[in-house]
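Note sheet for the following structure.
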Amino acid sequence: MKKTTILNLEQVKEIEKTCPTPFHIYDEKAIRKNVRELKEAFSWNKNYREYFAVKATPNPFILKILQEEGCGVDCSSFTELILSEALGFSGSDIMFSSNVTPMEEYKKASALGAYINLDDYTHIEYLAGGPGIPETICCRYNPGGVFELGTDIMDNPGESKYGFTKDQMIAGFRRLMELGAKKFGIHSFLASNTVSNEYYPALAGILFELAVELKEKTGADISFINLSGGVGIPYTPDKEPNDIKVIGEGVRQKYEEILVPAGLGDAAIFTELGRYMLGPYGQLVTKCIHQKHIYKEYAGLNTCACDLMRPAMYGSYHHITVLGKEDAPCDHKYDVTGSLCENNDKFAVDRMLPKIDIGDYLVIHDTGAHGYAMGYNYNGKLKSPELLLQEDGSVKMIRRGETPQDYFATFDFCDILNNIDYSVK
Ligand SMILES: *Cc1c(COP(=O)(O)O)cnc(C)c1O
């Protein structure tokens, strides 16, 4: 699929007059369209709901758009909970899917009436000894082993730190019932960024069969099945995107096949998608400020891994467009780098691109999820602003860029840095 940019060259030049690059830009219209298609694909399930994984794009303006489209939120930390609370999410709008959870986070989730998704068997007594077991409770399942789709190994649950084993799920449900739980959810996350229409249906098959077994063995009332995140996006242009209609239909078939005959035809389907909801609808707009010619050709940008860590962290591919040169031949090979004193701070290695000139704008694609959110302040680098291209075509700032004052804010208890000179001179 050909990758297009949210903004064209003229728009970027116009925005630069008031908000210089680098910046993140999100596309409101595309975000809304995508949520509507997702909801449509699961509309066969009466109580279907998407709980957006806040960690992917923790911006209140983005969360507001998703809230308007009917989404809940999936949180896993205190700050994500209070951000969600401030936006008016409460009770069944919030899924709390955490792990290694501190007590104060369980207390906050409990005070908000959120669905609590336990990551471990031992957390049952931990929660019972704190805010107590709520009437509805969810447990996260880890089937162990390797997770395969056809002949492809997708991921390795046996090596992952999350979830209960099967025996623990059974024992856990019994214990939770003794402690007063009345309704149950089950959750599992087996593979990340799956670009395959088979993942959700396969996961649904595993969870639905588990639900039937849990109902038979414990008598538990299973009210929802949470398919979690993991539906991916094609970062490379040669891949076809997932077809959410086909995915929804694949889950429906498993539902009819497994849950309905077992008397579980009322169970709600929940999802906690992050990447799929936002990934393609955010881009990082940057400028080439240096070029160097040593053993390789380097194009240096006015940003770094502080704005997008995925390439440095996972070696991930992010497509790059040189604005205004969309149709020029990709006949030059570059390493496209940031400015960190870390040799892995490269947005692309050996990438064929049009000839880049200093001052060219480079758009890094698919940064809408796990992009800004993952950035960090190593080297004292400051994170860029986030902008929203609104439905009416206007651009609004939805988070300002960091300043040196933000970077030093955690020294505000002492006067040693009182006399910092913030000017460039
Ligand atoms: C990260 C995460 C998600 C979202 O994952 P994506 O790959 O962005 O869809 C959902 N649920 C939980 C518990 C997570 O940790």
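Counting only residues that are among the hydroxyl-bearing types (Ser, Thr, Tyr) and under 22 Å from residue 94 (Cα atoms), which one in the range 205-244 is nearest to the ligand (Cβ to nearest atom)? Full working, then the answer.
Looking only at the range 205-244, we keep the residues that are among the hydroxyl-bearing types (Ser, Thr, Tyr), and these are 218, 223, 228, 235-236.
So of that shortlist, the ones also under 22 Å from residue 94 (Cα atoms) come out as 223, 228.
Details: 223: 19, 228: 5 Å.
Result: 228.
When the range 50-66 is examined, which residues are found to be in contact (Cβ under 8 Å) with a residue 24 or more places away in the chain and more than 14 Å from the chain's Cα centre (by Cα)? It would help to see each step written out before you state the result.
Filtering the range 50-66 for residues in contact (Cβ under 8 Å) with a residue 24 or more places away in the chain gives 50-63, 65-66.
Residues satisfying the conditions are 60, 61, 65.
Of the residues making up the range 144-169, those that are crowded, with 17+ Cβ neighbours inside 10 Å and either more than 23 Å from the chain's Cα centre (by Cα) or among the aromatic types (Phe, Trp, Tyr) (or both) are 147, 162, 164, 168, 169. Among the numbered conditions (1) open to solvent by 50 Å² or more (accessible area, probe 1.4 Å); (2) away from the ligand (no atom under 16 Å from the Cβ); (3) part of a helix (DSSP H, G or I), the only one that residue 121 does not meet is (3). Using the structure shown, decide if residue 173 is in contact with a Leu (Cβ under 6 Å, 6 or more places away or on another chain), open to solvent by less than 70 Å² (accessible area, probe 1.4 Å) and closer than 27 Å to residue 242 by Cα. Against the criterion (in contact with a Leu (Cβ under 6 Å, 6 or more places away or on another chain), open to solvent by less than 70 Å² (accessible area, probe 1.4 Å) and closer than 27 Å to residue 242 by Cα), residue 173 does not qualify. Each residue in the range 131-143 was checked for being surrounded by 15 or more Cβ atoms within 10 Å (Cβ to Cβ) and closer than 15 Å to residue 105 by Cα, and 3 pass.
Within the range 281-304, residues that are open to solvent by less than 10 Å² (accessible area, probe 1.4 Å) have Cβ atoms under 6 Å from residues that are among the acidic types (Asp, Glu) and modelled with pLDDT of 95 or more in these pairs: 284/307; 288/360; 304/345, counting only partners at least 6 apart in sequence or on another chain.
Within the range 247-295, the residues that satisfy the criterion of being away from the ligand (no atom under 16 Å from the Cβ) and among the charged types (D, E, K, R) are 249, 252, 254, 256, 257, 266, 287, 292. Applying the condition of being aromatic (Phe, Trp, Tyr) and within 16 Å of residue 219 (Cα to Cα) to the range 158-204 and asking which residue is nearest to the ligand (Cβ to nearest atom) yields 184. Among the criteria (1) among the polar types (S, T, N, Q); (2) under 30 Å from residue 360 (Cβ atoms); (3) surrounded by 15 or more Cβ atoms within 10 Å (Cβ to Cβ), the one residue 236 does not fulfil is (3). Considering the conditions (1) touching a Phe, Trp or Tyr at 6+ places or on another chain (Cβ under 9 Å); (2) within 16 Å of the ligand (Cβ to nearest atom); (3) modelled with pLDDT of 95 or more, residue 155 is excluded by exactly one of them, (3). For the range 94-107, the condition of being touching a residue at least 24 places away in the same chain (Cβ under 8 Å), within 30 Å of residue 60 (Cβ to Cβ) and among the aromatic types (Phe, Trp, Tyr) holds for at least one residue. Here the helices (runs of 4 or more DSSP H) wholly within the range 168-279 that include at least 2 residues being among the hydroxyl-bearing types (Ser, Thr, Tyr) and within 24 Å of residue 118 (Cα to Cα) are 199-218. Remark: pairs (first residue in the range 126-149, closer than 15 Å to residue 179 by Cα; second residue within 16 Å of the ligand (Cβ to nearest atom) and part of a helix (DSSP H, G or I); Cβ separation under 7 Å; 6+ apart in sequence or on different chains) = 127/106; 130/106; 131/106.
The values are calculated or read from the model by the stated rules, or taken from the named source; none is laboratory data. Keep in mind that this is a model prediction, so the values were computed, not measured. Neighbour counts are summed over all protein chains in view; Cβ atoms, including those assigned to glycine, are modelled from backbone coordinates with ideal geometry. In case anyone asks, the SASA skips ligands and DNA or RNA and just uses the protein heavy atoms, side chains included. Shrake-Rupley method; radii C 1.70, N 1.55, O 1.52, S 1.80 Å.
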